[in-house]
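These notes concern the structure reproduced below.
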Amino acid sequence: MPRNPHYDVLFEPVRIGPKIAKNRFFQVPHASGMTNAAPHVRAAFRGMKAEGGWGVVCTGAASIDPTSDDSPFPCATIWDNADIRSHALMTDAVHAHGALAGIELWHGGAAAMNRTTRLPALSPSGIPWMATHVPFMSSARPRIMDAADIRDLIRWHREAAVRAEQAGFDILYVYAGMGYLPYQFLMSDYNHRTDAYGGSVRNRVRLVEELIDAVREATHGRCAVALRMSMQELSTRPSDVAPSEGHEVIGLLRDAPDLFDVKMDYSATDCAASRFTPEGSHEPFVDFVRTLTDKPVVGVGRFTSPDTMVSMVKRGVLDFIGGARPSIADPFLPQKINEGREEDIRECIGCNICISSWHDGVWVRCTQNPTAGEEWRRGWHPENLPKDGTGKVLVVGGGPAGLEAALRLGQRGFEVSLADKAGDFGGRLVWETQLPGLRTWNRVADYRLGQLRKMHNVALFPASELSAQDVADFGADHVVVATGARWLKRLCGSNELPSVDIDGPNIFTPDDLARGATPEGPVVVFDFDNYYLGSAISEGLASQGLDVHYVTTAGAASAWTFMTNEQPLIHQALARRGISYRTLQIVTGFDGESVHLSQIFTGEPSEIAAKSLVIVGQRQGGSALFDELTTVRGDASAIKSINLTGDANAPGAIAHAVWQGHRTAREIGLNPEQIRIGRDAPFASRDFADAVLRS
Ligand code: ADP
Ligand code: SF4
């Protein structure tokens with residue numbers, strides 16, 4: 001298909017100082033969890049986006065000096081010449097596809113507590129970053145920078161810029177956002193200095209200006225210099241001479257960098273989850289920047305719609321369409337638009353599993369794109385699979401795992417049949433995405449079904465419950481069982497070990513609600529799963545007018561969503577819907593009138609009057625169908641392999657199910673020697689990485 005001419009503007013080349021980007025698709029710096037110890041993994045991950053058509057592809061933060069050490073979070077370094085070769089693999093991979101390579105030179109200041117290097121953290125005025133945010137907190141406090149420290153900081157940027165150019169980067173970032181050191185100088189909250197770097201906006205901007213000059217001079221104007229700034233707070237602060245301090249800062253810096261990269265200040269607003277925040281949410285905070293400078297501006301907002309992208313350019317909000325999550329979910333997004341294949345875009349669902357990987361300290365994972373982070377280690381390409389499949393495969397269960405398995409088996413060339421007992425494909429998504437805020441997640445099913453319906457070698461059988469005999473009679477060469485997991489009516493002990501099973505007329509699990517059960521209020525939702533579902537169910541029940549009490553073993557509602565940037569917004573949503581919540585409690589019993597609780601540490605008993613109890617606790621996989629099939633396999637010997645996958649194999653988040661389904665589909669029909677596992681390792685030392693680079 002030819003490209004829709006309406007989208008031509010997205011493919012115009014744009015100048016960035018001394019460099020020219022071939023189009024407006026700009027993969028802004030984002031965390032990948034890939035440090036210098038995994039150079040091939042990183043190069044393949046970033047290179048894939050260049051292959052997919054992104055005109056600019058950047059690293060994540062690269063620390064410029066040991067005084068900026070983000071551990072335990074994984075962070076790249078550009079500390080010395082040994083780091084150059086590691087980054088050069090990435091720039092080569094990006095240049096191979098005609099894209100520009102950018103590096104985010106990073107000094108975290110008080111936001112990096114140097115847990116490994118043990119050097120005192122630096123700050124303008126000794127004020128810790130996120131002092132109230134316990135998980136990021138350190139018991140160490142930053143030191144106040146003196147004039148020599150400021151000179152050092154400028155020198156570190158200059159030296160890092162030289163190394164970055166040697167590594168092949170085209171665009172060098174000065175990073176004054178998200179609480180990091182130059183940002184702390186910009187913000188009066190963190191900068192109480194009385195020297196030339198503190199006080200007025202003019203003085204607070206001085207450091208950023210000097211860093212930009214240092215980076216430009218270090219590379220003698222050969223590299224483009226980008227300035228990344230957070231505008232959320234600055235754009236709401238009053239100024240004596242401009243509509244806001246943000247306006248004043250941009251006005252002072254209007255000619256300094258070759259590119260402005262503008263964003264929000266906090267992870268939860270910058271990388272906002274779709275459950276609470278729509279596409280394009282940054283616009284009100286950054287839309288003025290373009291009016292104050294002639295330099296190109298890039299911004300993000302989980303853009304997946306080409307119409308929205310065109311509108312951003314045509315309305316003069318942005319020159320470049322920034323992408324972090326959309327580029328992870330679909331590295332080939334630009335190419336698909338270019339080829340008139342918009343309906344093939346694998347749209348980011350805004351679940352933030354990707355950011356949770358960084359919080360976990362591991363390579364990036366993605367719900368929509370199971371190949372993210374596996375490009376080199378497993379050799380997985382997000383679009384191209386080997387066309388090596390012969391024979392028939394029957395996939396039983398069309399949830400996230402079964403849909404992904406069927407799609408990838410179809411792409412390999414197998415003759416695929418996908419059956420589900422439900423009338424609609426999507427498995428757990430069918431019901432869960434009807435809960436408040438979760439509609440966007442249905443893109444997991446929509447994308448796969450859209451692709452499957454176009455494939456001539458795939459047949460879909462909804463409303464088809466299959467028994468072991470049905471499967472044996474089907475005559476498939478390979479069988480994939482992706483029949484999902486079930487929620488248990490089981491409580492937990494104060495030590496969080498599973499305890500007694502519980503049952504009764506008004507006790508429900510999410511499976512019961514999905515089947516249409518209607519609890520009577522008041523209802524207690526007891527959550528020790530601690531991800532999104534307990535709070536989403538609470539929201540759903542409250543939206544039906546029920547009086548809902550949320551109870552959890554954890555210290556906060558949906559405690560694990562701290563990892564996905566959703567937790568503060570979940571608390572706000574519970575408050576908005578009038579849902580009371582109790583933390584650090586276990587449910588010990590329910591008599592039909594009251595739910596009995598016990599404080600998790602002290603054992604202090606209490607109760608909540610309730611007519612119903614919903615338990616969102618433990619899920620169990622396993623499949624009677626699989627067990628029966630593997631038992632009768634002697635009789636059904638025509639079946640070459642029977643594969644259990646997804647939640648039926650091991651329950652988890654949707655991302656885990658999709659990854660399992662993908663892996664199953666990749667490996668069916670292969671023998672172990674044909675399955676690649678690359679040698680970069682997340683735990684590898686830099687010596688190991690050097691050895692890998694030499695090999
Ligand atoms: P996963 O997340 O692993 O994909 P889900 O629970 O979302 O798991 O989906 C499992 C799907 O399997 C559901 O849609 C369910 O209807 C289907 N299923 C379960 N048992 C059978 C069966 N015997 N025959 C056909 N479909 C089944
Ligand atoms: Fe988008 Fe979720 Fe993938 Fe992140 S993990 S890129 S939010 S789909």
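The values are calculated or read from the model by the stated rules, or taken from the named source; none is laboratory data. Remember, it's a predicted structure, so these values are computed and weren't measured experimentally. Glycine also receives a Cβ, built like all others from the backbone with ideal geometry; neighbour counts cover every protein chain displayed. All accessible areas refer to the heavy atoms of the entire protein, side chains included, with ligands and DNA or RNA removed. Shrake-Rupley method; radii C 1.70, N 1.55, O 1.52, S 1.80 Å.
Structure data summary
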| quantity | calculated |
| --- | --- |
| Near-label residues of the range 321-363 by backbone N, under 16 Å of a point 7 Å along Cα→Cβ of residue 384 | 331-333, 335-336 |
| Residue 85/residue 222 FRET efficiency (R0 25 Å; Cβ-Cβ; nearest 0.05) | 0.80 |
| Globularity ratio of the range 529-615, using Cα Rg and 2.2 N^0.38 Å | 1.05 |
| Cβ-placed point charges (K, R +1; D, E -1), dipole of the chain about Cα centre in debye, nearest 20 | 1160 debye |
| Relative contact order of the chain, defined on C-alpha pairs under 8 angstrom at six or more residues apart (%) | 12 percent |
| Difference of contour (0.36 nm per residue) and Cα-Cα distance, residue 115 to residue 188 | 23.6 nm |
| Packing-based ranking, highest mean first, of 567-575, 660-668 given that Cβ atoms within 10 Å are counted | 660-668, 567-575 |
| Estimated distance in nm for a label pair at residue 155 and residue 467, the labels positioned 7 Å out from Cα along Cα-to-Cβ | 8.1 nm |
| Two-site label geometry, residue 291 and residue 457: point separation in nm, points 7 Å out along Cα→Cβ | 5.6 nm |
| Sites residue 675 and residue 580 - FRET efficiency at Förster radius 56 Å, r taken between beta-carbons, to 0.05 | 0.65 |
| Percent carbon-and-sulfur accessible area, the chain, ignoring ligands, DNA and RNA, probe 1.4 Å | 51 percent |
| Per residue solvent-accessible surface (Å²) - the chain, probe of 1.4 Å | 37 Å² |
| Percent RCO, i.e. relative contact order, over the range 509-593, from Cα pairs under 8 Å lying at least 6 residues apart | 30 percent |
| Whole-Å distance, taken between Cα centres, linking the range 531-585 and the range 454-511 | 26 Å |
| Fraction of beta bridges assigned by DSSP in the chain that are antiparallel (%, nearest 5) | 20 percent |
| Segment residue 12-residue 254, extension gain: residue separation times 0.36 nm, minus the distance between their alpha carbons | 84.8 nm |
| Debye log10 I(q)/I(0) at q = 0.05, 0.09 Å⁻¹ for the chain, Cα point scatterers | -0.26, -0.84 |
| Mean-position separation - Cα centroids, the range 200-271 and the range 347-407, in angstrom | 38 Å |
| Shape of the range 365-431, Cα gyration tensor, a/c cut at 1.5 | oblate |
| Spacing of the two label points (7 Å from each Cα toward its C-beta) at residue 667 and residue 499, in nm | 3.8 nm |
| Three-way shape label, the range 315-372, alpha-carbon gyration tensor, a/c 1.5 | oblate |
| FRET efficiency, residue 95 to residue 628 (Cβ-Cβ, R0 35 Å, nearest 0.05) | 0.05 |
| The range 315-390, relative contact order [Cα under 8 Å, separation at least 6], % | 24 percent |
| Computed helical MRE - 222 nm, the chain, DSSP H runs ≥ 4 contributing -39500 (n - 2.57), nearest 500 | -8500 deg cm²/dmol |
